[in-house]
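Chemist: This is the structure, below, for whatever I ask next.
The values are calculated or read from the model by the stated rules, or taken from the named source; none is laboratory data. Everything numeric here is computed off the predicted structure, so don't read it as measured data. Here the Cβ positions follow ideal geometry from the backbone for every residue, glycine too, while neighbour counts run over all protein chains shown. In case anyone asks, the SASA skips ligands and DNA or RNA and just uses the protein heavy atoms, side chains included. Shrake-Rupley method; radii C 1.70, N 1.55, O 1.52, S 1.80 Å.
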Amino acid sequence: MPPPQKVRLGDLLIQQGLLSDEQLKLALDQQKATGRKLGRIFVESGYVTEEGISQALARQLRIPYLDLRQFTPKPDLIKLLPEAQARRFRALVLDQLSDGRLQIGLSDPTDLQAYDEITRVLKREIDLAVVTESQLLGFIDRVYHRGEQITGLAKELTAELGDIPVEFGDLLGLTPGAEDAPVVKLLQTVFEEAIRLRASDIHFEPQERGLRIRFRIDGVLHIQTEADAKIASAVALRLKLMSGLDISEKRLPQDGRFNIKVRGNSVDVRISTLPAQYGESVVMRLLNQNTGLLSLDKIGMAPRVLERFRHSLSRPSGMVLVTGPTGSGKTTTLYAALNELNSTEKKVITVEDPVEYRLGGLNQVQVHEKIDLSFSRVLRTVLRQDPDIVLIGEMRDQETAEIGMRAAMTGHLVLSTLHTNDAITTPIRLLDMGVPRYMVALSVHMVMAQRLVRVICGNCAEPYAPTPGEREWLRFELGDHVDGRPYRHGRGCSHCNATGYQGRIGVYEFLEMSNELVEAINHDDPGVFMQAARRQMAGETLRRDAVRLVLAGTTTVAEAMRISNQFED
């Protein structure tokens, strides 16, 4: 294929009827003032879409236009072009043609320098295709995995620890040029990859023969790399130093937190260390502060659930409980509620351990057990601060629960969480904690139980036929109407790291304390309450809500079955 020819983009778009003379003049004036690329100005001004520009170039140069959203990468081919060149020249190796030439996707197919440099690096003849720049950059972020780089940095640290003497300050990055210390480069790369993959947690786990690094993505752990065991102590020491923990103490668990900047994002990191058989296990929870709070409309509640939840939040007093295991999205739901309730007319105080989200206008208090700043102690003071709404991070003990319920009975709206499997057993759990029956009956207005299910990747979703086991599971909710429904799954692609899922959404059930339930909770036999609660819920359970998402094509049958096993008897 001959080298590309220069094209006057403005004239080309006018010729194809995508741009007017006046728009081109305004864009050229803006380019002269700002120095930005003309094509970017066209797109940002709304004159023409990025796809429109790419398709116009493809027609003019008589080369194909490719939509990368529908493209499945070939890792061996992509790696022929190093990531640095791919980013610099906005290029990707897409395919190998029958005659041995390589098809290259370029966002600017008129770039002669990029054409020459790519030909030199690949040492092959190339054919061009046009792709949009935004799709290409997103594709590069997804396909150039940094697992190999992390493994390489871990080996570099292993070699430095094993072959030559290393000063303690150099190892931990305390001396000038600290950014070049092997452990610093390793951790920086791990954090960057974790943020890119949307990981919620990073696990450093010393094993007998190595250090295992895992990421939790959409609630499921994935191995990122295996490194030499000898670097485990260096990694733990550096992380302890970053979070202000005692670096000399290796026999006791420690908790801390620190803040880092990764790819322009401010990330709060909660760190926990635990002495294990082969060294200190370190787990970090990542809280990306640049990720905005979700609204109640966008967390997946069915309309009926959302209506009743908002009704409970509109009350001036009483308690609303959100329940579920760790990592089920309880805090996200409560902060979505606070985001809706927050106003200048109301005083909102939160008591948390730790404060996970920062929301303007709230008075947020961090519990600190080491200095006896416990939930119960803070709550006593909070109630003298004239609050309208109080968020208690977790009902951990009888004293905290009783103080919260007294607040709910004396004119405050109280939101909190509890670790129970479902909505029905939550009031019983409060009684087991020693809370008086009358408090539970008079203060609790609503209990919401929730789980998170993974969402099918929108890029690789396709029709799916359930297995016989899945059909039997569905039959419990759908009866004889299992057949003929539109089931889907994700086949796996570069957008979802070959998992078939991307992101998570909530499934919910709720229980409102009606007069019948208030009477039933005062009965000595808990079975009386549970029977009355089941009648009131009428089968609107977590399982049914999960099936609703399956039928909507939002999640898979396997995923609904996975999370339902957590709460079924």
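Chemist: Against the condition more than 30 Å from Thr332 (Cβ to Cβ), free of Cβ contacts under 8 Å to residues at least 24 places away in the same chain and open to solvent by less than 60 Å² (accessible area, probe 1.4 Å), how does Ala227 come out, does it pass?
Modeler: Considered against the rule, which asks whether it is more than 30 Å from Thr332 (Cβ to Cβ), free of Cβ contacts under 8 Å to residues at least 24 places away in the same chain and open to solvent by less than 60 Å² (accessible area, probe 1.4 Å), Ala227 comes out as no.
Chemist: Quick one: how many residues across segment 24-70 are surrounded by 18 or more Cβ atoms within 10 Å (Cβ to Cβ), within 17 Å of Leu136 (Cβ to Cβ) and free of Cβ contacts under 8 Å to residues at least 24 places away in the same chain?
Modeler: Looking only at that region, the number is 1.
Chemist: Given the conditions (1) at pLDDT 90 or above; (2) among the acidic types (Asp, Glu); (3) under 26 Å from Arg454 (Cβ atoms), report the number of the one that Glu345 does not fulfil.
Modeler: (3)
Chemist: Consider only pairs whose beta carbons are under 7 Å apart and that are at least six residues apart or on different chains; among these, list those whose first residue lies in segment 364-383 and is under 23 Å from Gln254 (Cα atoms) and modelled with pLDDT under 85 and whose second residue is crowded, with 17+ Cβ neighbours inside 10 Å and small (Gly, Ala, Ser).
Modeler: The qualifying pairs are Val367/Ser374.
Chemist: Does Arg454 meet the test of being open to solvent by 80 Å² or more (accessible area, probe 1.4 Å), under 22 Å from the mean Cα position of the chain (by Cα) and of a type outside the set (Ser, Thr, Tyr)?
Modeler: No, not satisfied.
Chemist: While we're on this one: Consider Asp255 carefully, then state whether it is within 23 Å of the chain's Cα centre (by Cα), acidic (Asp, Glu) and either open to solvent by 70 Å² or more (accessible area, probe 1.4 Å) or at pLDDT below 90 (or both).
Modeler: yes
Chemist: A further question follows. Which numbered condition in (1) open to solvent by 30 Å² or more (accessible area, probe 1.4 Å); (2) at pLDDT 85 or above; (3) at positive phi is the only one that Arg308 fails?
Modeler: Among (1) open to solvent by 30 Å² or more (accessible area, probe 1.4 Å); (2) at pLDDT 85 or above; (3) at positive phi, the lone unmet condition for Arg308 is (3).
Chemist: Can you give me the number of residues within segment 305-340 that are over 15 Å from Val453 (Cβ atoms) and in a loop (DSSP other than H, G, I, E, B)?
Modeler: Selection size over segment 305-340: 5.
Chemist: Which one of Val453, Val440, Val518 is at pLDDT 90 or above, touching a Pro at 6+ places or on another chain (Cβ under 6 Å) and either aliphatic (A, V, I, L, M) or part of a helix (DSSP H, G or I) (or both)? Give the steps one after another, and end with the answer.
Modeler: Numbers: Val453 fails: touching a Pro at 6+ places or on another chain (Cβ under 6 Å); Val518 fails: touching a Pro at 6+ places or on another chain (Cβ under 6 Å).
That would be Val440, the only listed residue that is at pLDDT 90 or above, touching a Pro at 6+ places or on another chain (Cβ under 6 Å) and either aliphatic (A, V, I, L, M) or part of a helix (DSSP H, G or I) (or both).
Chemist: Would you check which residues across segment 318-356 are at positive phi and open to solvent by 10 Å² or more (accessible area, probe 1.4 Å) and list them? Give the steps one after another, and end with the answer.
Modeler: We begin by selecting, within segment 318-356, every residue at positive phi; these are 318, 324, 327, 329.
Within segment 318-356, Gly327, Gly329 meet the criteria.
Chemist: Oh, and also: Name the residue, out of Arg504, Arg491, that is under 20 Å from the mean Cα position of the chain (by Cα), among the basic types (Lys, Arg), within 19 Å of Val453 (Cβ to Cβ) and open to solvent by 30 Å² or more (accessible area, probe 1.4 Å).
Modeler: Arg504
Chemist: I'd like to check something: does segment 285-304 contain any residue that is modelled with pLDDT of 90 or more, assigned to a loop (DSSP other than H, G, I, E, B) and hydroxyl-bearing (Ser, Thr, Tyr)?
Modeler: Among the residues of segment 285-304, not one is modelled with pLDDT of 90 or more, assigned to a loop (DSSP other than H, G, I, E, B) and hydroxyl-bearing (Ser, Thr, Tyr), which makes the answer no.
Chemist: While we're looking at this one, here's another question. With in contact with a strand residue (DSSP E or B) (Cβ under 8 Å, 6 or more places away or on another chain) and either closer than 29 Å to Arg257 by Cβ or open to solvent by 20 Å² or more (accessible area, probe 1.4 Å) (or both) as the only criterion, which of Leu359, Leu391 stands out? Talk me through it step by step, then tell me what you get.
Modeler: Values: Leu359 fails: in contact with a strand residue (DSSP E or B) (Cβ under 8 Å, 6 or more places away or on another chain).
After ruling out the rest, the residue left standing is Leu391.
Chemist: Additional query: Would you please name the residue that is surrounded by the most Cβ atoms within 10 Å (Cβ to Cβ), looking only at residues in segment 539-556 that are touching a strand residue (DSSP E or B) at 6+ places or on another chain (Cβ under 7 Å) and in a loop (DSSP other than H, G, I, E, B)? If you could, list the steps in order and put the result at the bottom.
Modeler: Within segment 539-556, the first condition is being touching a strand residue (DSSP E or B) at 6+ places or on another chain (Cβ under 7 Å), and the residues that meet it are 540-542, 545-546, 549, 553-556.
Filter once more, keeping what is in a loop (DSSP other than H, G, I, E, B): 540-541, 553-556.
Values: Glu540: 18, Thr541: 22, Gly553: 17, Thr554: 20, Thr555: 28, Thr556: 25.
Looking at the filtered set, the residue picked out is Thr555.
Chemist: Within segment 258-271, does at least one residue satisfy the condition of being among the small types (Gly, Ala, Ser), outside any loop (DSSP other than H, G, I, E, B) and open to solvent by 20 Å² or more (accessible area, probe 1.4 Å)?
Modeler: yes
Chemist: Looking only at strands (runs of 3 or more DSSP E) that fall completely inside segment 83-147, which ones have 1 or more residues that are under 27 Å from Gly52 (Cβ atoms), under 30 Å from the mean Cα position of the chain (by Cα) and touching a residue at least 40 places away in the same chain (Cβ under 8 Å)?
Modeler: Fully inside segment 83-147 and qualifying: 91-96.
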